[in-house]
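The values are calculated or read from the model by the stated rules, or taken from the named source; none is laboratory data. In this text, all values refer to a predicted model and were calculated from it rather than measured experimentally. Cβ placement follows ideal geometry from the backbone for every residue including glycine, while neighbour counts extend to all protein chains displayed. Remember, those area values only see protein heavy atoms, side chains included, never the ligands or the DNA or RNA. Shrake-Rupley method; radii C 1.70, N 1.55, O 1.52, S 1.80 Å.
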Amino acid sequence: MKIRLFLGSTLLLTSGLFTVQATTVPEKATICSGCHGTDGNSLAQEYPTLAGQRALYLQRQLQAFRAAAHSNNKEGRADPIMSSMAATLSDAEIAELAQYYANQPVHKATKPIAMTDDAGKNLFEGGDLSRDIAACAACHGPDGKGMAAAGFPSLLGQTPHYLVEQLQKFKHGDRKDDYQGMMQDTSAKLTAQDMQALAEYIAQMPTD
């Protein structure tokens, strides 16, 4: 289903017109708040922050979770919690939730992370040619905000715990929703030390 964004607040779907206001809290967001926070800023290290995330990325993830629920995990992105949450969402509700969280400001980290070296920064900005590892900044941007048009997600506001967990899932094939397998390919070449260094560097990036 094609989706066009107009002025960042109006979503036009081929099946109808749905308007999403940045200040309006979607009814379904009350369910999301238990894990992701009332405004999309998660207070738990194992759950991702949704605030400030790219709307297209959020929409695709919710659609993928829903697809997994409807196909007995043969399609989409399987997750025991999110698949059940997204199972009954309509396209309009998914679009509304995605736009709402995309419009929420990301909170700064409450606890600064002490950087021990530049390993994470170097991998993020330049990758490692000797191991054929692409720079994270190539898709997620030098500021970590992702690329809206391509649907590449923002990494800002995420905890090291969550970031490492997702890299591990890509590495071991537990997560396969990445574009053309890019994250699976990249994470397969990362060591546990690489992942931790990257996660710590990303977690301390400015959110404004």
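Observations, loosely collected:
- For the chain, the longest principal axis of the C-alpha atoms and the axis of helix 160-171 are separated by about 90°.
- 5 angstrom amide H check on I133, placed H, neighbours 5+ away: D128
- Subset of K74/K145; K108/K169; K28/K171; K145/K171; K74/K108 violating a 29 Å alpha-carbon distance limit: K74/K145; K28/K171; K74/K108
- The long axis of helix 91-102 is offset from the longest Cα principal axis of the chain by roughly 50 degrees.
- A simple rule links phi to the HN-Hα coupling: the Karplus curve 6.51 cos²θ - 1.76 cosθ + 1.60 with θ = phi - 60°, which for region 80-90 gives x, 8, 5, 4, 5, 5, 8, 3, 9, 6, 7 Hz, with x for Gly and Pro.
- Residues in region 28-40 carry Karplus couplings, in order, of 5, 5, 5, 6, 5, 4, x, 10, 9, x, 5, 10, x Hz; the curve used is 6.51 cos²θ - 1.76 cosθ + 1.60 with θ = phi - 60°, and Gly or Pro positions show x.
- 1.4 Å probe accessible area per residue over the chain, in Å²: 55
- Sequentially through region 63-72, phi angles give Karplus couplings (6.51, -1.76, 1.60; θ = phi - 60°) of 5, 5, 4, 5, 4, 5, 5, 7, 10, 6 Hz, Gly and Pro residues having no value and appearing as x.
- Relative contact order, percent, the chain [alpha-carbon distance under 8 Å, six or more residues apart]: 20
- Residues within the reach of a label modelled at D174 (point 7 angstrom out along Cα to beta-carbon, backbone nitrogen below 19 Å), restricted to region 65-103, are 65-66, 68-69, 73-85.
- With Cα atoms defining each centre, region 119-137 and region 171-208 are spaced 11 Å apart in the structure.
- Taking the protein heavy atoms of the chain in the context of the full set of protein chains, the accessible area attributed to carbon and sulfur is 55 percent at 1.4 Å.
- Remark on M147: its backbone amide H falls under 5 Å from those of F152, a criterion applied only to residues 5 or more positions apart or on other chains, H modelled at 1.01 Å from N.
- Rounded to the nearest 10 Å², the accessible area of R60 at probe 1.4 Å: 110
- Cα gyration tensor shape of the chain, rounded if a/c is under 1.5, else prolate or oblate by comparing a/b with b/c: prolate
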